Amino acid sequence: MNVPETMLEKPAAERGIGRLLTDRGALFGERTKAVATAAAAEAEAVDREARFPKAAIDAAREQKLLGMQIPVALGGFGASIPDITEICYTLGRACASSAMIFAMHQTKVACLVRHGTGSDYHEALMRRVAAEQLLLASSTTEGQNGGNIRASAAAIARHEAEISLVRSATVISYGAEADGIVSIARRADDAAASDQVLLAVTKDHYTLERTLGWETLGMRGTCSAGFELKITGPAAMVFPEGYDKIHAQTMTPVAHLCWSSAWAGIAAAAVDRAQRFIRKAARGAGGQMPPGAAHYTAAKMALTKLRALITASLDLYAAHEYDGHRLSSLDFQSAINLLKVEASELAVETAMHAMRACGLSGYRNDGEFTVGRHLRDALSAPLMINNDRILSNIATASLMSGVPAALRD
Ligand SMILES: Cc1cc2nc3c(=O)[nH]c(=O)nc-3n(C[C@H](O)[C@H](O)[C@H](O)COP(=O)(O)OP(=O)(O)OC[C@H]3O[C@@H](n4cnc5c(N)ncnc54)[C@H](O)[C@@H]3O)c2cc1C
């Protein structure tokens, strides 16, 4: 069933949040199903050949989901972060790489929507994302700097109304397939490493020269190769707000919510296989549960925790979504960073239990109960901005915030 797209323009208060979500579910449900079907059909080949999931992303374009977050006034559907994360979860169940590409693209679009409004350049780009269904990639990792996103080496050079940037971009997922890149950079040659800006650049303003391939254990379809990124174009490509604010208020929360939802989808797909395996084994044994059943229960339990963690974090984000001060607070930043750490660990734990529930049938790479791909894909989660780095970064902040006196704050 397709609900008229204009329904999204009605304010939540007029229709009740619960109903709004249900209606949105109806609006995006069919579209998501079409993309997930395409993603599932090519998931194995995408993994085996480490190739871009073209059919899935083409379907997302066709269904106008790449521009779904763009405000209605600029040609999109004005979709919310809960709408986006629901799709990340559904795609994660079908194909991890498609889900992660969708999650990363939507994080970049969130930066445009939340920090580009009022800037002619960024509003024009938003219109293009909605009309042309442009796919945006991300460049944060640089040189040997790993996941230290809040420090940049390459600086913007200004030549009157033009700027240029040359960046050793160690990893840009689907860089070769994207229509645009959102990149961080040092503000100027004499600026400190942490004095950063964000730029949104379309393909006509950059070149990519491949420096590193992407032959990895999992997430093979994200095609996260390394490139030398050279940008030249109008100074207006730089967001008006400094990256420190964009990072705290949008980049980190939206990335962590979307990534976690994609990982939860991968975990759910593994649980699905384990459930089918245990059911089949129990049927074959006249109702007697196989010994691996306890691992299936443990997998379900871990998935339940993971979903609860994500939905609680979505609620927390929704409560402060338009309050920059609260979003930047130590408490919120700790919570949203811990979401990433915990969700990534739980996704691996879930997939691991699912594999042990299936035993050899889960371990082998062929057969209907193989869980190898899910486990390999999930293993990327703890190191996509390394959990060790996050935990050591927030150690001081956690010391400063008190121990809760009640279950609910
Ligand atoms: C699937 C996938 C897609 C990606 N896509 C993109 C993309 O599109 N664009 C992009 O820019 N980047 C991308 N990345 C890169 C990602 O954002 C991180 O930069 C990268 O995962 C960090 O890699 P690293 O482990 O080499 O770096 P580091 O974070 O430097 O970690 C290296 C090692 O040091 C340890 N370590 C680091 N800091 C600490 C600390 N403080 N305390 C203790 N130990 C520490 C870690 O445990 C780890 O063992 C992607 C990564 C993955 C896995």
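Descriptive notes on the structure:
- Carbon + sulfur, % of accessible area of segment 268-358 - ligands and nucleic acids excluded, 1.4 Å: 57 percent
- Rounded Å value of the spacing that divides the Cα centres of segment 329-350 and segment 54-103: 22 Å
- Counting only residues at least eight positions apart within a chain, or on another chain, the lysines with an alpha carbon under 18 Å from that of Lys230 are Lys203.
- Based on the Kirkwood approach, the hydrodynamic radius assigned to segment 330-409 is 14.6 Å, with every pair of different Cα atoms included.
- Partners of Lys64 within straight-line reach, counting aspartates and glutamates whose Cα lies under 14 Å from its Cα and excluding those fewer than 8 residues away in the same chain: Glu5, Glu30, Asp83, Glu132.
- For the chain, built as a Gaussian network whose Cα springs stay under 10 Å, the top-fluctuating residue of Pro240, Pro253, Pro53: Pro240
- Summing Cβ point charges (Lys, Arg +1; Asp, Glu -1) relative to the Cα centre of the chain gives a dipole of roughly 1320 debye.
- Cα gyration tensor category, rounded, prolate or oblate, for segment 253-409 with a/c compared to 1.5: prolate
- Contact order normalised by residue count of segment 280-379, Cα under 8 Å, 6+ apart, percent: 30 percent
- Restraint check, Lys108/Lys245; Lys33/Lys305; Lys108/Lys340, Cα-Cα greater than 21 Å: Lys33/Lys305
- Cβ-derived FRET efficiency at R0 25 Å, Ala395 paired with Asp323, nearest 0.05: 0.45
- Rg and Dmax [Cα atoms of the chain; Å; Rg one decimal, Dmax integer]: 21.3, 79
- Trypsin sites (Lys or Arg not before Pro) restricted to segment 333-409 and DSSP loop, no more than 16 other C-beta within 10 Å: Arg364, Arg408
- Degrees between helix 330-358 axis and first principal axis of the chain (Cα, 0 to 90, nearest 10): 30 degrees
- Using alpha-carbon coordinates, inclination of helix 81-94 to the longest axis of the chain, degrees: 50 degrees
- Rounded Å value of the spacing that divides the Cα centres of segment 147-180 and segment 359-409: 28 Å
- Per-residue accessible area (protein heavy atoms, 1.4 Å probe) orders Lys108, Lys305 as Lys305, Lys108, starting from the largest.
- Degrees, to the nearest 10: 252-284 long Cα axis against longest axis of the chain: 20 degrees
- Residue-normalised accessible area of segment 264-342, given per residue in Å² at a 1.4 Å probe: 51 Å²
- Within segment 300-404, GluC sites (Glu not before Pro) in DSSP loop having at most 11 other beta-carbon neighbours inside 10 Å: Glu368
- Taking every Cα-Cα distance in segment 89-187 and sorting them into 10 Å bins starting at zero, the pair-distance distribution P(r) comes out as 14, 38, 38, 8, 1 percent.
- Annotation: lysines with alpha-carbon distance below 23 angstrom to Lys280 (same-chain offsets under eight excluded): Lys300.
- Max mean-square fluctuation residue, GNM over the chain, Cα-Cα springs under 10 Å, options Ile149, Ile70, Ile310: Ile149
- Cα-centred dipole magnitude for segment 276-400, charges only on beta-carbon of K, R (+1) and D, E (-1), debye, nearest 20: 720 debye
- The chain: relative contact order as a whole-number percent, Cα under 8 Å and 6+ apart: 15 percent
- In segment 213-249, the GluC sites (Glu not before Pro) that fall in loop regions by DSSP, at most 11 other Cβ within 10 Å: Glu215
- Whole-number accessible area per residue in Å² for segment 362-409, which is evaluated in the context of all protein chains at 1.4 Å: 68 Å²
The values are calculated or read from the model by the stated rules, or taken from the named source; none is laboratory data. Everything quoted here is computed from the prediction, not taken from an experiment. Cβ sites come from the backbone with ideal geometry, for glycine too, and all protein chains shown count toward neighbours. These area figures cover heavy atoms from the full protein model, side chains too; ligands, DNA and RNA do not enter into them. Shrake-Rupley method; radii C 1.70, N 1.55, O 1.52, S 1.80 Å.
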